[in-house]
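Colleague: Let me give you the structure first, and then I'll get to my questions.
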Amino acid sequence: MISSDLPFDLHALKVFLQVCEHTTMAGAARRLGITQSAISQVISDLEHRLGVVLFDRSMRPIGLTASGALLREHALILTTEARRASIRLQELQRGRPNLLRVGIIDSLSRALLPPLTRFLRERAERSVILSGPTESHYAALLGRQMDLIVGAGDLEDMNGLECWVLLEEPYVLLYPATGPYPDGPKALQEINQYMPFIRFSARSRIGQDIERYLRRLRLELRYSLEFDSPFGVTSACMDGGMAITTPLCMLECGEAVPHFRCMALPGPPARRQLTLIVRKGELGRLPFDLVQTLRQHLRDSVLQHLRHFCPDEAKFLKVPATRVPDHG
C-alpha cells in the first residue's frame, strides 16, 4: 500500500544538503544556526522514513552512501525548483506571470493589438492572445481557461472579478455616403424597404445590444445577412446596405469607411463600454499597468483616427482617467 505522506519535506532536504556540503553535522548546524542534535534528529528521521542509510558515519568526515548520493541528486533538483517557484510567485505578484492567456474582442484588434503585444512582451514570459466574441471569452475566464479579457460590457456583478472601463463609445448608423438621411425611426423603416439592414449576429455582444435597441424603437428591419465580425458587416454594406455599428468597428475596417457616412442613430442615443476584466488579486499590479497603457494609447492615437471617421460622433467618445490603485 502506498502511503499518502511524502517521505520528506523541503526543510529536511535543506538540512541534508548542508550536511553533504560540510561533511559534518557540526558544520551544518553552524551554517543553519541550529543545534547539532537538531541536525542529527532530522537526518535520523529522514533515514527512518526512507528506510535507507544516507551517511557512512564510520568515516571521518562522514561520507555519502549510494542511497545518499542518489537522494542528493534529487534534493538539489527539488530545492532548486522550490526556490524557482518562490521567485516566480513573487514576480507574479509584481505583475510578471510566466504564461498569460488573453482574449480580445474582434472590434478592438486593430485599435489595441499593437500596444497590447508590446506590453505582453515586456511583462510576461509567454502569452497566448485569442480573438473572438466577448461571450466565449467570458466563459473561458470564468472557467480559468483565460487570465484576462478585453471586451464589451462588464462582469462587475460576478464575485471575484475586477473590471476597468477602457473606452465608452456611441452606436452609430453606417450609411451610404450618397443616400438620404433618415431623420427618425419611421424614416429608417421606410428606407429599409429598398435598402437592406446588415446586422451583427445575436451571438455577439454588439448584436445583442443592437437587437435590444431596435426593440425599444419597435423596429423590425428587413435583413438578409448577419455577421459576427465588424469586417463582415462593413463589407456587406459596401454592396448596398446600412448597419448599426460603432466607431471602433469602423476603424477595424478603415479601408471601407470612405464609402459611408457615420451619423447619429435616428432615435435615442445608445452606447457601449469596452472593458478589461481579470480575476481579482491574481495578477498583482499587471492589470492596472495594462489599463494605463491601453487608455493612453486610446487617447494619443486611436481617438485621432476616430475623429477622422466620425467627426460628429467623436465628441461622445470617452476614455476614463486612470487612478492610482489602492493595492501593490
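Colleague: For region 170-196, give me each residue that is within 16 Å of Tyr223 (Cβ to Cβ) and charged (D, E, K, R).
Modeller: Glu190
Colleague: Condition (residue is surrounded by 15 or more Cβ atoms within 10 Å (Cβ to Cβ), in contact with a Cys (Cβ under 7 Å, 6 or more places away or on another chain) and over 18 Å from Ala314 (Cα atoms)) applied to region 223-231: is it met by at least one residue?
Modeller: Checked against the condition, which is being surrounded by 15 or more Cβ atoms within 10 Å (Cβ to Cβ), in contact with a Cys (Cβ under 7 Å, 6 or more places away or on another chain) and over 18 Å from Ala314 (Cα atoms), region 223-231 yields at least one hit.
Yes/no matrix, rows are residues, columns are (1) over 15 Å from Leu265 (Cα atoms); (2) touching a strand residue (DSSP E or B) at 6+ places or on another chain (Cβ under 8 Å); (3) modelled with pLDDT of 90 or more; (4) not acidic (Asp, Glu):
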{"site": "Gly184", "(1), (2), (3), (4)": "no, no, no, yes"}
{"site": "Phe197", "(1), (2), (3), (4)": "no, yes, yes, yes"}
{"site": "Phe200", "(1), (2), (3), (4)": "yes, yes, yes, yes"}
{"site": "Ser204", "(1), (2), (3), (4)": "yes, no, no, yes"}
{"site": "Asp209", "(1), (2), (3), (4)": "no, yes, yes, no"}
{"site": "Leu221", "(1), (2), (3), (4)": "no, yes, yes, yes"}
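Colleague: From Leu248, Leu283, grab the single residue that is in contact (Cβ under 8 Å) with a residue 12 or more places away in the chain, surrounded by 14 or more Cβ atoms within 10 Å (Cβ to Cβ) and not in a loop (DSSP other than H, G, I, E, B).
Modeller: The unique qualifying residue is Leu248.
Colleague: Further question: Just name the residue that is farthest from Glu135 (Cα to Cα) out of those in region 251-280 that are open to solvent by 40 Å² or more (accessible area, probe 1.4 Å), charged (D, E, K, R) and not in a helix (DSSP H, G or I).
Modeller: That would be Arg261.
Colleague: Also, quick follow-up: Any chance you could count how many residues in region 236-246 are modelled with pLDDT under 90 and either in contact with a His (Cβ under 9 Å, 6 or more places away or on another chain) or among the hydrophobic types (A, V, I, L, M, F, W, C) (or both)?
Modeller: 3
Colleague: Please enumerate the residues belonging to region 46-69 that are of a type outside the set (Val, Ile, Thr) and in contact with a helix residue (DSSP H, G or I) (Cβ under 7 Å, 6 or more places away or on another chain).
Modeller: Leu46, Leu54, Phe55, Leu64
The values are calculated or read from the model by the stated rules, or taken from the named source; none is laboratory data. For clarity, every value in this text was computed on a predicted model and none was experimentally measured. FYI the Cβ positions are ideal-geometry reconstructions off the backbone, even for glycines, and counts take in every protein chain you see. Protein only, heavy atoms only, side chains kept; ligands, DNA and RNA dropped before computing areas. Shrake-Rupley method; radii C 1.70, N 1.55, O 1.52, S 1.80 Å.
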